[in-house]
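A short worksheet on the structure shown next.
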Amino acid sequence: LLRLSSALALVTGAGSGIGRAVSVRLAREGATVAACDLDGAAAHETVRLLGGPVIEAQAPRGNHAAFQADVSETTAARRLLEQVQACFSRPPSVVVSCAGITRDEFLLHMSEDNWDKVIAVNLKGIFLVTQAAAQALVSSGCHGSIINISSINGKVGNMGQTNYASSKAGVIGLTQSAARELGRHRIRCNSVLPGFIATPMTEKMPQKVKEKVTGLIPMGHFGDPEDVADVVAFLASEDSGYITGASVEVTGMRPAW
Ligand code: NAD
């Protein structure tokens, strides 16, 4: 049974890691995917992986499509929603914000630039995409499911990540508040809190740190991007029809430090 056969899913950060796995999973469930990334070529590659015709952002025909956008730029984020709507003649009914970055630095040395950049992409980017998507859904009277990728570090913090953990905690509050405001429009909003997932983002961790972290995870290994994608597919589908404002941990159980 294809759970998302009538869905149009916008995925940001779709060119890598979790966003790519989410795109593949949602397409397998029958969704048409609008794959967006800062790296347009990477978004295109994701669409190629989905099979079916690759169409350019503004050609209103065919199947999945790739879009290039920097979600932290106000005009770009708004234009993205307009382009997706123009391309498919409807707003996306599923919106998954996976775009995210790290700029790790200990608090005592954290530069203002590293603080601002991470907040701009991870928190303001999600605000901009969530707002534009909700506006498009409400004005066309459509229902929807908005899924924002936070992090377990938004709940428990992490060394060297005052900027990242703050942005991810912000995503939880933003998503819960949006869920309260949008419930009456039948737009559900949930956040997903991955633990350590094997993607290009965590690849750059020093081997020693990876080993230490692995030893603390009760499940004994990093998660795969597909582990997160499975949960996103559930939250996107009507199988989670009465779940909104939730923050779902996908961590193999968070480490007890
Ligand atoms: P990744 O680096 O593999 O992928 C992130 C993607 O986002 C990249 O393709 C990048 O080009 C894109 N991106 C970055 N800035 C962007 C912008 N301004 N506009 C549009 N796209 C942009 O990382 P990942 O591990 O797949 O992470 C995906 C999400 O999951 C992030 O929000 C991350 O914080 C979160 N997360 C990851 C982990 C983990 O362990 N990997 C854990 C918890 C949360």
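What the table shows:
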read-out: Conditions (1) among the aliphatic types (A, V, I, L, M); (2) farther than 23 Å from Pro92 by Cβ; (3) within 10 Å of the ligand (Cβ to nearest atom); number of the one not met by Val121; value: (2)
read-out: Some residue of the range 83-97 being near the ligand (Cβ under 9 Å from one of its atoms), in a loop (DSSP other than H, G, I, E, B) and modelled with pLDDT of 95 or more; value: no
read-out: Hits in the range 140-159 (condition: within 14 Å of the ligand (Cβ to nearest atom) and not β-branched (Val, Ile, Thr)); value: Asn148, Ser150, Ser151, Asn153, Gly154, Lys155, Gly157, Asn158
read-out: Qualifying position, being closer than 22 Å to Leu235 by Cα, assigned to a helix (DSSP H, G or I) and not aliphatic (A, V, I, L, M), among Lys117, Lys155, Lys124; value: Lys155
read-out: Any pair with Cβ under 7 angstrom, 6 or more apart, that starts in the range 24-50 at a residue that is within 10 Å of the ligand (Cβ to nearest atom) and at pLDDT 95 or above and ends at one that is part of a helix (DSSP H, G or I) and charged (D, E, K, R); value: Thr46/Arg20
read-out: Pick from the range 193-205, criterion assigned to a helix (DSSP H, G or I) and of a type outside the set (Val, Ile, Thr), ranking: surrounded by the most Cβ atoms within 10 Å (Cβ to Cβ); value: Met201
read-out: So Ser5, is it more than 21 Å from Val228 (Cα to Cα) and over 15 Å from the mean Cα position of the chain (by Cα); value: no
read-out: Search result, residues across the range 201-243 that are among the polar types (S, T, N, Q) and either under 30 Å from Ala7 (Cβ atoms) or touching a Leu at 6+ places or on another chain (Cβ under 8 Å) (or both); value: Thr202, Ser237, Ser240
read-out: Among the candidates Leu137, Leu108, residue that is crowded, with 17+ Cβ neighbours inside 10 Å, more than 11 Å from the ligand (Cβ to nearest atom) and over 17 Å from the mean Cα position of the chain (by Cα); value: Leu137
read-out: Hits in the range 158-189 (condition: outside any helix (DSSP H, G or I), of a type in the set (A, V, I, L, M) and modelled with pLDDT of 95 or more); value: Ile187
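Every residue, every condition in (1) part of a helix (DSSP H, G or I); (2) near the ligand (Cβ under 9 Å from one of its atoms); (3) of a type outside the set (A, V, I, L, M, F, W, C), yes or no:
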{"site": "Ser191", "(1), (2), (3)": "no, no, yes"}
{"site": "Lys208", "(1), (2), (3)": "yes, no, yes"}
{"site": "Gly215", "(1), (2), (3)": "yes, no, yes"}
{"site": "His221", "(1), (2), (3)": "no, no, yes"}
{"site": "Glu226", "(1), (2), (3)": "yes, no, yes"}
{"site": "Ala233", "(1), (2), (3)": "yes, no, no"}
{"site": "Asp239", "(1), (2), (3)": "yes, no, yes"}
{"site": "Gly252", "(1), (2), (3)": "no, no, yes"}
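This table checks each residue for (1) surrounded by fewer than 16 Cβ atoms within 10 Å (Cβ to Cβ); (2) touching a residue at least 60 places away in the same chain (Cβ under 8 Å); (3) among the charged types (D, E, K, R).
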residue: Asn153; (1), (2), (3): no, no, no
residue: Gly160; (1), (2), (3): yes, no, no
residue: Asn163; (1), (2), (3): no, yes, no
residue: Ser166; (1), (2), (3): no, no, no
residue: Gly173; (1), (2), (3): yes, no, no
residue: Gln176; (1), (2), (3): no, yes, no
residue: Arg184; (1), (2), (3): yes, no, yes
residue: Asn190; (1), (2), (3): no, no, no
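The values are calculated or read from the model by the stated rules, or taken from the named source; none is laboratory data. What you see is a predicted model; the values in this text were computed from it and never measured. Please note: Cβ atoms are built from the backbone with ideal geometry, for glycine as well, and neighbour counts cover all protein chains shown.
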